[in-house]
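Before any comments, here is the structure.
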Amino acid sequence: MKNEFIFKRNEVLAKDVIDALIKRNFDAFYCEDIKSANEKILELISKEDVVSFGGSTTLDEIGIKNILYDKGYKIIDRDKAKSTREKQELTIKSLSCDTFLMSANAISKDGQIVNIDGLGNRVAALCFGPKKVIMVCSVNKIESDLDCAIKRARNYAAPINAKRIDSINQMNTPCILKGSCFDCKSETSICSQILITRLSRPKGRINVILVNEELGF
Ligand code: SF4
(Lines give C-alpha, C1' and ligand atoms only; values in the text may rest on other atoms or scores of the structure.)
Protein backbone atom coordinates (compact mmCIF):
# COMPACT_ATOMS: atom_id res chain seq x y z
CA MET A 1 0.00 0.00 0.00
CA LYS A 2 1.30 3.47 -0.92
CA ASN A 3 2.20 5.81 1.92
CA GLU A 4 0.77 9.18 0.85
CA PHE A 5 3.49 11.20 2.62
CA ILE A 6 6.31 9.27 0.95
CA PHE A 7 4.46 9.52 -2.36
CA LYS A 8 4.10 13.31 -2.07
CA ARG A 9 7.74 13.75 -1.03
CA ASN A 10 8.91 11.66 -3.99
CA GLU A 11 6.59 13.53 -6.35
CA VAL A 12 8.13 16.93 -5.59
CA LEU A 13 11.64 15.44 -5.63
CA ALA A 14 11.01 13.82 -9.04
CA LYS A 15 9.72 17.07 -10.47
CA ASP A 16 12.91 18.89 -9.43
CA VAL A 17 15.02 16.13 -10.99
CA ILE A 18 12.99 16.37 -14.20
CA ASP A 19 13.72 20.11 -14.40
CA ALA A 20 17.43 19.31 -13.91
CA LEU A 21 17.33 16.62 -16.62
CA ILE A 22 15.62 18.95 -19.10
CA LYS A 23 18.34 21.56 -18.51
CA ARG A 24 20.81 18.84 -19.55
CA ASN A 25 18.95 18.26 -22.85
CA PHE A 26 17.23 15.04 -21.81
CA ASP A 27 13.52 14.67 -22.45
CA ALA A 28 12.13 13.79 -19.04
CA PHE A 29 8.71 12.76 -17.76
CA TYR A 30 7.08 12.08 -14.43
CA CYS A 31 4.72 9.10 -14.12
CA GLU A 32 2.94 8.38 -10.88
CA ASP A 33 2.67 4.63 -11.44
CA ILE A 34 3.58 1.68 -13.66
CA LYS A 35 0.44 1.99 -15.78
CA SER A 36 1.14 5.60 -16.74
CA ALA A 37 4.83 4.76 -17.32
CA ASN A 38 3.89 2.06 -19.82
CA GLU A 39 1.49 4.46 -21.57
CA LYS A 40 4.28 7.04 -21.83
CA ILE A 41 6.71 4.45 -23.25
CA LEU A 42 4.18 3.47 -25.95
CA GLU A 43 3.62 7.14 -26.76
CA LEU A 44 7.38 7.56 -27.31
CA ILE A 45 7.86 4.54 -29.60
CA SER A 46 6.78 4.73 -33.22
CA LYS A 47 4.99 1.62 -34.52
CA GLU A 48 7.67 1.27 -37.24
CA ASP A 49 10.55 1.27 -34.72
CA VAL A 50 12.80 -1.72 -34.15
CA VAL A 51 13.01 -1.98 -30.37
CA SER A 52 15.60 -3.58 -28.10
CA PHE A 53 16.39 -3.70 -24.38
CA GLY A 54 19.20 -3.69 -21.86
CA GLY A 55 18.96 -6.16 -18.99
CA SER A 56 16.74 -4.54 -16.38
CA THR A 57 14.70 -5.71 -13.41
CA THR A 58 12.67 -2.49 -13.67
CA LEU A 59 11.64 -3.32 -17.26
CA ASP A 60 10.75 -6.85 -16.16
CA GLU A 61 8.67 -5.54 -13.26
CA ILE A 62 6.64 -3.08 -15.35
CA GLY A 63 5.94 -5.77 -17.98
CA ILE A 64 6.73 -3.57 -20.97
CA LYS A 65 8.40 -6.34 -22.99
CA ASN A 66 5.22 -8.43 -23.07
CA ILE A 67 3.16 -5.36 -23.92
CA LEU A 68 5.42 -4.62 -26.91
CA TYR A 69 5.29 -8.27 -28.05
CA ASP A 70 1.47 -8.26 -27.73
CA LYS A 71 1.24 -5.07 -29.81
CA GLY A 72 3.36 -6.59 -32.58
CA TYR A 73 6.44 -4.37 -32.35
CA LYS A 74 9.60 -5.48 -34.18
CA ILE A 75 11.92 -6.56 -31.35
CA ILE A 76 15.56 -7.59 -31.06
CA ASP A 77 15.64 -9.72 -27.93
CA ARG A 78 18.88 -11.49 -27.06
CA ASP A 79 17.07 -13.46 -24.36
CA LYS A 80 15.35 -15.38 -27.18
CA ALA A 81 18.70 -16.59 -28.60
CA LYS A 82 19.14 -20.34 -28.87
CA SER A 83 22.96 -20.32 -28.74
CA THR A 84 25.80 -18.21 -27.33
CA ARG A 85 26.70 -17.18 -30.87
CA GLU A 86 23.17 -16.03 -31.67
CA LYS A 87 23.06 -14.12 -28.37
CA GLN A 88 26.27 -12.32 -29.32
CA GLU A 89 24.88 -11.47 -32.77
CA LEU A 90 21.62 -10.13 -31.34
CA THR A 91 23.51 -8.09 -28.71
CA ILE A 92 25.53 -6.41 -31.48
CA LYS A 93 22.43 -5.92 -33.65
CA SER A 94 20.60 -4.24 -30.78
CA LEU A 95 23.16 -1.39 -30.90
CA SER A 96 21.63 -0.22 -34.18
CA CYS A 97 17.96 -0.47 -33.19
CA ASP A 98 15.62 2.53 -33.35
CA THR A 99 14.60 2.59 -29.69
CA PHE A 100 16.56 1.06 -26.82
CA LEU A 101 14.88 0.59 -23.45
CA MET A 102 16.83 0.35 -20.20
CA SER A 103 16.86 1.57 -16.62
CA ALA A 104 19.54 3.43 -14.62
CA ASN A 105 21.50 2.45 -11.53
CA ALA A 106 21.23 5.92 -10.00
CA ILE A 107 20.37 9.54 -10.83
CA SER A 108 21.71 12.55 -8.97
CA LYS A 109 19.39 15.40 -8.02
CA ASP A 110 21.19 17.63 -10.50
CA GLY A 111 20.31 15.28 -13.37
CA GLN A 112 23.40 13.12 -13.91
CA ILE A 113 22.79 9.45 -14.64
CA VAL A 114 25.04 6.61 -13.42
CA ASN A 115 25.17 3.14 -14.95
CA ILE A 116 27.47 0.20 -14.28
CA ASP A 117 27.92 -2.59 -16.78
CA GLY A 118 29.84 -5.84 -17.06
CA LEU A 119 30.02 -6.54 -20.79
CA GLY A 120 29.29 -2.93 -21.69
CA ASN A 121 26.49 -3.51 -24.21
CA ARG A 122 23.94 -1.56 -22.17
CA VAL A 123 26.15 1.50 -21.65
CA ALA A 124 27.34 1.27 -25.27
CA ALA A 125 23.72 1.61 -26.48
CA LEU A 126 23.19 4.49 -24.09
CA CYS A 127 26.25 6.33 -25.45
CA PHE A 128 25.79 5.82 -29.18
CA GLY A 129 23.89 3.78 -31.74
CA PRO A 130 20.13 3.56 -31.16
CA LYS A 131 18.28 6.63 -32.45
CA LYS A 132 16.38 6.91 -29.19
CA VAL A 133 16.95 5.67 -25.64
CA ILE A 134 14.10 5.37 -23.15
CA MET A 135 15.25 5.01 -19.57
CA VAL A 136 12.67 3.97 -16.99
CA CYS A 137 13.78 4.71 -13.47
CA SER A 138 12.11 4.55 -10.08
CA VAL A 139 12.28 7.58 -7.79
CA ASN A 140 14.05 5.36 -5.24
CA LYS A 141 17.19 5.63 -7.41
CA ILE A 142 17.48 9.40 -6.94
CA GLU A 143 20.49 10.44 -4.84
CA SER A 144 21.45 13.85 -3.45
CA ASP A 145 24.59 14.29 -5.58
CA LEU A 146 26.83 12.54 -8.09
CA ASP A 147 29.14 10.98 -5.44
CA CYS A 148 26.15 9.44 -3.66
CA ALA A 149 24.77 8.22 -7.02
CA ILE A 150 28.07 6.47 -7.81
CA LYS A 151 28.17 4.98 -4.29
CA ARG A 152 24.61 3.72 -4.72
CA ALA A 153 25.45 2.13 -8.07
CA ARG A 154 28.61 0.43 -6.71
CA ASN A 155 27.64 -0.56 -3.17
CA TYR A 156 23.93 -1.21 -3.49
CA ALA A 157 22.76 -1.85 -7.06
CA ALA A 158 25.83 -3.75 -8.30
CA PRO A 159 26.06 -6.35 -5.48
CA ILE A 160 22.34 -7.11 -5.80
CA ASN A 161 22.69 -7.36 -9.57
CA ALA A 162 25.75 -9.60 -9.15
CA LYS A 163 23.68 -11.89 -6.93
CA ARG A 164 20.87 -11.91 -9.52
CA ILE A 165 23.29 -12.83 -12.32
CA ASP A 166 25.00 -15.41 -10.08
CA SER A 167 21.69 -17.23 -9.74
CA ILE A 168 21.82 -17.77 -13.54
CA ASN A 169 25.60 -18.14 -14.14
CA GLN A 170 27.92 -18.65 -11.19
CA MET A 171 30.04 -15.49 -10.72
CA ASN A 172 31.74 -15.73 -7.32
CA THR A 173 32.45 -12.01 -7.02
CA PRO A 174 33.24 -10.94 -3.42
CA CYS A 175 30.24 -8.60 -3.21
CA ILE A 176 27.93 -11.60 -3.47
CA LEU A 177 29.28 -12.89 -0.15
CA LYS A 178 29.67 -9.54 1.63
CA GLY A 179 26.92 -7.32 0.20
CA SER A 180 29.04 -4.33 -0.77
CA CYS A 181 31.67 -3.57 -3.39
CA PHE A 182 35.25 -4.84 -2.92
CA ASP A 183 36.52 -3.21 -6.12
CA CYS A 184 37.22 -6.68 -7.48
CA LYS A 185 39.33 -7.36 -10.56
CA SER A 186 37.50 -10.62 -11.24
CA GLU A 187 37.00 -11.79 -14.82
CA THR A 188 33.32 -12.08 -13.94
CA SER A 189 33.03 -8.59 -12.45
CA ILE A 190 29.82 -6.89 -13.51
CA CYS A 191 31.56 -3.53 -13.09
CA SER A 192 33.89 -3.23 -16.07
CA GLN A 193 32.33 0.06 -17.13
CA ILE A 194 31.03 2.91 -15.00
CA LEU A 195 29.28 5.54 -17.10
CA ILE A 196 28.19 9.01 -16.05
CA THR A 197 25.78 10.50 -18.55
CA ARG A 198 25.76 14.23 -17.91
CA LEU A 199 24.00 15.40 -21.09
CA SER A 200 21.83 14.05 -23.90
CA ARG A 201 23.43 14.67 -27.24
CA PRO A 202 21.67 15.08 -29.60
CA LYS A 203 19.11 16.96 -27.52
CA GLY A 204 16.16 14.71 -26.69
CA ARG A 205 17.81 11.45 -27.81
CA ILE A 206 17.72 10.14 -24.22
CA ASN A 207 14.27 10.08 -22.63
CA VAL A 208 13.99 9.56 -18.88
CA ILE A 209 10.75 8.39 -17.28
CA LEU A 210 10.74 8.78 -13.48
CA VAL A 211 8.19 6.51 -11.87
CA ASN A 212 6.82 7.17 -8.39
CA GLU A 213 6.83 3.51 -7.41
CA GLU A 214 9.65 1.39 -5.99
CA LEU A 215 11.09 -0.60 -8.90
CA GLY A 216 14.30 -2.52 -9.47
CA PHE A 217 17.24 -1.91 -7.14
S1 SF4 B 1 32.96 -6.58 -5.94
FE2 SF4 B 1 33.32 -6.54 -8.15
S3 SF4 B 1 31.41 -7.21 -9.14
FE4 SF4 B 1 30.96 -6.71 -7.02
S5 SF4 B 1 30.20 -4.60 -7.06
FE6 SF4 B 1 32.44 -4.51 -6.66
S7 SF4 B 1 33.50 -4.35 -8.62
FE8 SF4 B 1 31.33 -4.99 -8.99
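The values are calculated or read from the model by the stated rules, or taken from the named source; none is laboratory data. Because the structure is a prediction, the values reported are computed rather than measured. In this analysis, Cβ positions are derived from the backbone assuming ideal geometry, glycine residues included, and neighbour counts consider all displayed protein chains.
Does SER200 qualify as being part of a loop (DSSP other than H, G, I, E, B), small (Gly, Ala, Ser), at negative phi and near the ligand (Cβ under 8 Å from one of its atoms)?
no
Which residue is farthest from the ligand (Cβ to nearest atom), if the candidates are limited to the stretch 140-165 and must be among the β-branched types (Val, Ile, Thr) and under 14 Å from VAL114 (Cα atoms)? Outline the logic, then answer.
First pass over the stretch 140-165, keeping only residues among the β-branched types (Val, Ile, Thr): 142, 150, 160, 165.
Still in the running and under 14 Å from VAL114 (Cα atoms): 142, 150.
Working: ILE142: 20, ILE150: 12 Å.
Looking at residues that are among the β-branched types (Val, Ile, Thr) and under 14 Å from VAL114 (Cα atoms), I get ILE142.
Could you list all residues from the stretch 119-133 that are among the basic types (Lys, Arg) and within 16 Å of the ligand (Cβ to nearest atom)?
Of everything in the stretch 119-133, just one residue is among the basic types (Lys, Arg) and within 16 Å of the ligand (Cβ to nearest atom), namely ARG122.
Consider ILE209 carefully, then state whether it is surrounded by fewer than 18 Cβ atoms within 10 Å (Cβ to Cβ), in contact (Cβ under 8 Å) with a residue 12 or more places away in the chain and in a strand (DSSP E or B).
no
Which condition does SER56 not pass, out of (1) farther than 19 Å from LEU199 by Cα; (2) in contact with a Phe, Trp or Tyr (Cβ under 9 Å, 6 or more places away or on another chain); (3) crowded, with 20+ Cβ neighbours inside 10 Å; (4) not aliphatic (A, V, I, L, M), if it passes all the others?
(2)
When the stretch 175-192 is examined, which residues are found to be surrounded by 12 or more Cβ atoms within 10 Å (Cβ to Cβ), within 8 Å of the ligand (Cβ to nearest atom) and part of a loop (DSSP other than H, G, I, E, B)?
Let us first name the residues in the stretch 175-192 that are surrounded by 12 or more Cβ atoms within 10 Å (Cβ to Cβ), namely 175-176, 179-182, 184, 186, 188-192.
Next, from what is left, pick out any that are within 8 Å of the ligand (Cβ to nearest atom): 175-176, 180-182, 184, 186, 188-191.
Scanning the stretch 175-192 gives SER180, CYS181, PHE182, CYS184, SER186, THR188, SER189, ILE190, CYS191.
Kindly indicate whether ILE168 is more than 13 Å from the ligand (Cβ to nearest atom), surrounded by fewer than 18 Cβ atoms within 10 Å (Cβ to Cβ) and modelled with pLDDT under 95.
For ILE168, the condition - more than 13 Å from the ligand (Cβ to nearest atom), surrounded by fewer than 18 Cβ atoms within 10 Å (Cβ to Cβ) and modelled with pLDDT under 95 - is met.
Scan the stretch 41-72 for residues that are over 20 Å from PHE29 (Cα atoms), in a loop (DSSP other than H, G, I, E, B) and touching a Ser or Thr at 6+ places or on another chain (Cβ under 6 Å) and jot them down.
ASP49
Is it the case that the stretch 73-96 has a residue that's of a type in the set (Gly, Ala, Ser), buried (at least 20 other Cβ atoms within 10 Å of the Cβ), without any contact (Cβ under 8 Å) to a residue 60 or more places away in the chain and in a helix (DSSP H, G or I)?
Within the stretch 73-96, one or more residues are of a type in the set (Gly, Ala, Ser), buried (at least 20 other Cβ atoms within 10 Å of the Cβ), without any contact (Cβ under 8 Å) to a residue 60 or more places away in the chain and in a helix (DSSP H, G or I).
Matching residues to (1) at pLDDT below 95; (2) within 14 Å of the chain's Cα centre (by Cα):
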residue	(1), (2)
CYS175	yes, no
GLU187	yes, no
LEU195	no, yes
PRO202	no, no
ARG205	no, no
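Scan the stretch 105-118 for residues that are in a loop (DSSP other than H, G, I, E, B) and either hydroxyl-bearing (Ser, Thr, Tyr) or more than 16 Å from the ligand (Cβ to nearest atom) (or both) and jot them down.
From the stretch 105-118, those in a loop (DSSP other than H, G, I, E, B) are 105, 109-112, 118; that's our starting set.
Within the stretch 105-118, LYS109, ASP110, GLY111, GLN112 meet the criteria.
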